[in-house]
Amino acid sequence: MNAISEDILRVDNLKVWFPIRKGIFSRVVDHVKAVDGVSFSVKKGEILGLVGESGSGKSTIVRAVLGLVNKTSGEIFLDGRAAMVFQDPLGSLNPRKTIRSTLDEVIAHSRIEGETPSSLLASVGLDDSALEKYPHEFSGGQRQRICIARALAARPKLLICDEAVSALDLSIRAQILDLVRDLCAKRGISVLFITHDLGVVRHLSSRVIVLKGGHIVEEGLSAEVLSNPRHSYTRNLIDSVCRLP
């Protein structure tokens, strides 16, 4: 990546196709084109929302960025480390480890100096009383704060949040979104926020990309896209939110 580039992440014409095999010889007869020619970037300090329904290609893009799935073609440039915050905070924490052990393990693996379990917890609004407790002893919102602290332990330049508030109560979601936005500002972290919820995009991200069937159908400033969508798919997503009780 060019040293003067402001891009923390750049994805160029990414394709991730999964083969469909049939017959006794398992010949490839077709492909599921989960991601088919997607290009975008995330700037330094930017919060980008990646929106789409189930099957749109959001999670496949994330897995390709993290190297968890092989890309069929295209290029991915990541300037620095990326860390992940998952949808289910309880399922992503080891139930047999205290919070101190969980954070110590990431700090040791990352070989980052200057971070301690106490400082990480403080950065997400928790105190030292949490250190010797286990994941089941916390609320869902507290567990997600711990997961964010664990992600910060690696000093990432890019924080990837995959439906990170969808399992939380509405009253807690805004608190976690505000935390992510504050961390972005204070630590200079870029955020790629994966969601199907346009309300999250409205609350958090400065720019949004709308995915459908592995393609980008619309992108732009969040306020502009949500107030004046050009694509019928985006309009349908907005209408579906408006129809919710």
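Bear in mind these aren't lab numbers, they're just calculated from the coordinates by the rules spelled out. Everything quoted here is computed from the prediction, not taken from an experiment. Ideal geometry is used to build each Cβ from the backbone, glycine not excepted, and the neighbour counts take in all protein chains shown.
Would you tally the net charge around W17, using a Cβ to Cβ cut-off of less than 10 Å, leaving W17 out, and scoring K and R as +1, D and E as -1?
It works out to a net charge of +1.
Shape verdict for region 179-245, please, from the Cα gyration tensor: rounded (a/c under 1.5), prolate (a/b greater than b/c) or oblate.
prolate
Suppose a student asked you for the relative contact order of the chain, using Cα pairs under 8 Å spaced at least 6 residues apart; what percent would you report?
Answer for the chain is 26 percent.
Which whole-percent values make up P(r) of region 93-156 when all C-alpha to C-alpha distances are grouped in 5 Å steps starting at zero?
Once binned at 5 Å, the Cα pair distances of region 93-156 give 4, 21, 35, 26, 11, 3.
Using the count of nearby Cβ atoms within 10 Å as a rough guide to exposure, how do F193, F138, F77 rank from fewest to most?
Least crowded to most crowded, the residues run F77, F138, F193.
For the chain, just say rounded, prolate or oblate: build the C-alpha gyration tensor, square-root its eigenvalues into a ≥ b ≥ c, call rounded for a/c under 1.5, and beyond that prolate if a/b exceeds b/c, oblate if not.
Taking the square roots of the gyration eigenvalues as a ≥ b ≥ c, the chain is prolate.
Using alpha-carbon pairs under 8 Å, 6+ residues apart, how would you state the relative contact order of region 93-156 in percent?
47
Among C161, C147, C184, rank each residue by its count of other Cβ atoms within 10 Å, from fewest to most, as a rough exposure measure.
C184, C147, C161
Which entries in K58/K97; K15/K58; K43/K71 show an alpha-carbon gap greater than 20 Å?
K58/K97; K43/K71
Can you sort T195, T72 by how many other beta carbons sit within 10 Å, fewest first?
T72, T195
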